[in-house]
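Undergrad: Here it is: the structure, laid out below.
The values are calculated or read from the model by the stated rules, or taken from the named source; none is laboratory data. All values reported here derive from a predicted model rather than from experimental measurement. In this analysis, Cβ positions are derived from the backbone assuming ideal geometry, glycine residues included, and neighbour counts consider all displayed protein chains. Keep in mind that these areas ignore ligands, DNA and RNA; they rest on the heavy atoms of the full protein, side chains included. Shrake-Rupley method; radii C 1.70, N 1.55, O 1.52, S 1.80 Å.
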Amino acid sequence: MKADVIIIGGGASGLIAAITAKKNGKDVIILERKERVLKKVLVTGNGRCNMTNVRAGISNYFAMGKNVDLIENVFEKFTVTNTIDFFENEIGLICNEETRGRVYPLSGQAASVVDGLRFCAEKLGITTLTDFYVRKIEKKDFKFKVYSEDKKVVEGSRVILATGGQTYTELGSNGSGYELAKSFGHSITKLVPTIVQLKTKDYQVKGLRGIKLDTKVTAYGDGNKICTYDGELLFTEYGVSGNVIFNISFVYPIHKKVELEIDFMPKFEYNELLEILRKRKNILGDLTMEQYFNGMINKKLGQFLSKASGIEKLSKMINMLTEKELRSMCTVLKKYRVDVIDTNGFKAAQVTAGGIPLKEINPETLESKKVKGLYFAGEILDVYGECGGFNLQWAWSSGHLAGMNV
C-alpha cells in the first residue's frame, strides 16, 4: 500500500495532521497499533474531553530541554481560536467554556470529539489501518517504507511520527515512537510522568490515607513560588492525589526540589483563623487536644496537625494551650509543607514530559533536521503543558502544522 503521507499514530495530533494534509490534496494513511483510533482522547477530562483552554499561551508550556520558546510559532499558526473554529464549523461540535478557561464539548462527552474527528476523516477518504504495530521505518531514494510487526509494508514520501509519549500504554502510547525516532539519529531527553499523583516523605502523610478535603496548594520549585491552585486534595499511602495535585504536578519535572504548601483552611485569613482557635480554647477548655478540631476539620487530620505543630500529647488539656502553640497550629493549618520526592509513575500519569529535543526539529515546519521528509507532532516532542486542556491544544496545533507542511 502507498500514500503521499504516512501518519504513525491515530491520536489527537495524528488525526488533525491527517485531516489537514488531506485537505491540502495529499493522499494520507494513518497507522494505529490499537484496534481503533483516539482511545486516549476518549478518557481525557474524566471522559468529558477538556479540548483546549482559552488562556493557552507559551507560558503554559515547558520542555525538559529548556528551549520551549521555539514552539511559539506553532501556536501562532493554529491558535485556540482556530481550534474552536475547527471543531465548531468543520466537525460540528458546540464548544463550552468552563472554569479556568477550560473548554469542553457542550455534550459533556469525549465521544463527541472522537466521533467528530473520525467521521471527518472518513468523509475525506483518509485510509486508517488499525492493529498496525510499526516495528521499523526505512528510507531509501526519497521514499519511506514502514513495516508492521506482522510484516505488512506501507510506502510513502513523507512520514509524521505522532505516536504519543509513554503514558496510557494500554491505550496505545507505549513509547515505541522514541525508538523509531532514535533509529533516524534523534536523541531523547529524560522522560518524566506528569499530570500525575505525587509521592511525599512518608512521615509527612503517615496515617492520613483516604482523607479528602478542599484545599489551596502552592507549589515551590527550587525555593521559588511557582503557582497556586485550589481544589480537592486526597491523601494516599504514598503521598497526595486529587484534582489540585494533577493541576500542580507540572512543576515536578522541571525543578530539582519541589515542595507543596497546603492551606487546609483557605476560607480564612491567618488572623481570622487565629481568632477561631483562641475561641475554641475558651469553648472547649475542659476537653483534651484529641477533641480540639472536632467539627472543624477531619478529626484524624486535626490530631495529626496538632502533633505537627509541636503538641506531642493529645491528652493535653485544651485550656493549657499557650499563645505560641495556638499560633503554631494556625501556621500548620495554613502552611503545611510536604516534600515531593517522586511521582506515582507512568502508569498513573496522563502526560509524558520530555521527548525529542526541539533543537533537532525545524520549529517552522516540525520537520526533522536530521532526515528530510520526517515530521513530528504531539507528545513525542519535548513539550508538555499544564493540566487543563493545554496538552490537547499542543496536539491540535502541532498536528496541524505538521499536516500543513508535509
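Undergrad: So, of the residues in segment 280-307 that are more than 16 Å from MET265 (Cα to Cα) and part of a helix (DSSP H, G or I), which turns out to be least open to solvent (accessible area, probe 1.4 Å)?
TA: Step one: list which residues in segment 280-307 are more than 16 Å from MET265 (Cα to Cα), which gives 281-291, 307.
So of that shortlist, the ones also part of a helix (DSSP H, G or I) come out as 281-283, 289-291, 307.
Values: LYS281: 55, ASN282: 127, ILE283: 110, MET289: 2, GLU290: 86, GLN291: 57, LYS307: 115 Å².
Here the residue is MET289.
Undergrad: For SER148, are the conditions met, namely being more than 26 Å from the chain's Cα centre (by Cα), over 16 Å from ALA17 (Cα atoms), hydroxyl-bearing (Ser, Thr, Tyr) and surrounded by 15 or more Cβ atoms within 10 Å (Cβ to Cβ)?
TA: On the way: more than 26 Å from the chain's Cα centre (by Cα): yes; over 16 Å from ALA17 (Cα atoms): yes; hydroxyl-bearing (Ser, Thr, Tyr): yes; surrounded by 15 or more Cβ atoms within 10 Å (Cβ to Cβ): yes.
The answer is yes for SER148.
Undergrad: Considering segment 332-368 alone, what residues qualify as being without any contact (Cβ under 8 Å) to a residue 60 or more places away in the chain and surrounded by fewer than 18 Cβ atoms within 10 Å (Cβ to Cβ)?
TA: Going residue by residue through segment 332-368, those that are without any contact (Cβ under 8 Å) to a residue 60 or more places away in the chain are 332, 361-362, 365, 367.
Answer for segment 332-368, where residues must be without any contact (Cβ under 8 Å) to a residue 60 or more places away in the chain and surrounded by fewer than 18 Cβ atoms within 10 Å (Cβ to Cβ): ASN362, THR365.
Undergrad: Could you tell me whether segment 237-250 includes any residue that is touching a residue at least 60 places away in the same chain (Cβ under 8 Å), surrounded by fewer than 18 Cβ atoms within 10 Å (Cβ to Cβ) and touching a Phe, Trp or Tyr at 6+ places or on another chain (Cβ under 6 Å)?
TA: no
Undergrad: Separate question: Check off (1) assigned to a loop (DSSP other than H, G, I, E, B); (2) touching a Leu at 6+ places or on another chain (Cβ under 8 Å); (3) under 29 Å from LYS256 (Cα atoms) for LEU70 and give me the number that stays unchecked.
TA: (1)
Undergrad: A follow-up question, please. Give the number of residues within segment 95-123 that are more than 25 Å from MET404 (Cα to Cα), of a type in the set (A, V, I, L, M, F, W, C) and over 20 Å from the mean Cα position of the chain (by Cα).
TA: 1
Undergrad: Now a separate question. Return the total of residues in segment 177-196 being outside any strand (DSSP E or B) and crowded, with 21+ Cβ neighbours inside 10 Å.
TA: First, pick out the residues of segment 177-196 that are outside any strand (DSSP E or B): 177-191, 195-196.
Then drop every residue that is not crowded, with 21+ Cβ neighbours inside 10 Å, which leaves 177-178, 181, 186, 195-196.
The total comes to 6.
Undergrad: Here's something else I'd like to know. For THR167, work out the one condition from (1) open to solvent by 10 Å² or more (accessible area, probe 1.4 Å); (2) under 18 Å from GLY14 (Cβ atoms); (3) outside any strand (DSSP E or B); (4) among the hydroxyl-bearing types (Ser, Thr, Tyr) it doesn't fulfil.
TA: The single condition THR167 does not satisfy is (1).
Undergrad: Please enumerate the residues belonging to segment 49-61 that are touching a residue at least 40 places away in the same chain (Cβ under 8 Å) and out of contact with any Ser or Thr (no Cβ under 9 Å at 6 or more places or on another chain).
TA: Within segment 49-61, ASN53, ARG55, ASN60, TYR61 meet the criteria.
Undergrad: Given the condition at pLDDT below 95, part of a loop (DSSP other than H, G, I, E, B) and open to solvent by 10 Å² or more (accessible area, probe 1.4 Å), answer yes or no: does some residue in segment 81-103 qualify?
TA: Quick first cut of segment 81-103, residues at pLDDT below 95 only: 99-100.
Now drop any that are not part of a loop (DSSP other than H, G, I, E, B), which leaves none.
The answer is no, given that none of the residues of segment 81-103 is at pLDDT below 95, part of a loop (DSSP other than H, G, I, E, B) and open to solvent by 10 Å² or more (accessible area, probe 1.4 Å).
Undergrad: Which members of segment 1-44 meet the condition of being of a type outside the set (Asp, Glu) and assigned to a strand (DSSP E or B)? Can you show your working first?
TA: Our first condition is that a residue be of a type outside the set (Asp, Glu); within segment 1-44, this holds for 1-3, 5-26, 28-31, 33-34, 36-44.
Those that are of a type outside the set (Asp, Glu) and assigned to a strand (DSSP E or B): LYS2, ALA3, VAL5, ILE6, ILE7, ILE8, VAL28, ILE29, ILE30, LEU31.
Undergrad: Consider segment 103-150. How many of its residues are among the charged types (D, E, K, R), on the phi > 0 side of the Ramachandran plot and touching a strand residue (DSSP E or B) at 6+ places or on another chain (Cβ under 9 Å)? Write out each step before concluding.
TA: At the first step, the residues of segment 103-150 found to be among the charged types (D, E, K, R) are 115, 118, 122-123, 131, 135-136, 138-141, 143, 145, 149-150.
Next cut, on the phi > 0 side of the Ramachandran plot only: 131, 141.
Imposing the further condition that a residue be touching a strand residue (DSSP E or B) at 6+ places or on another chain (Cβ under 9 Å) reduces the set to 131.
The qualifying residues number 1.
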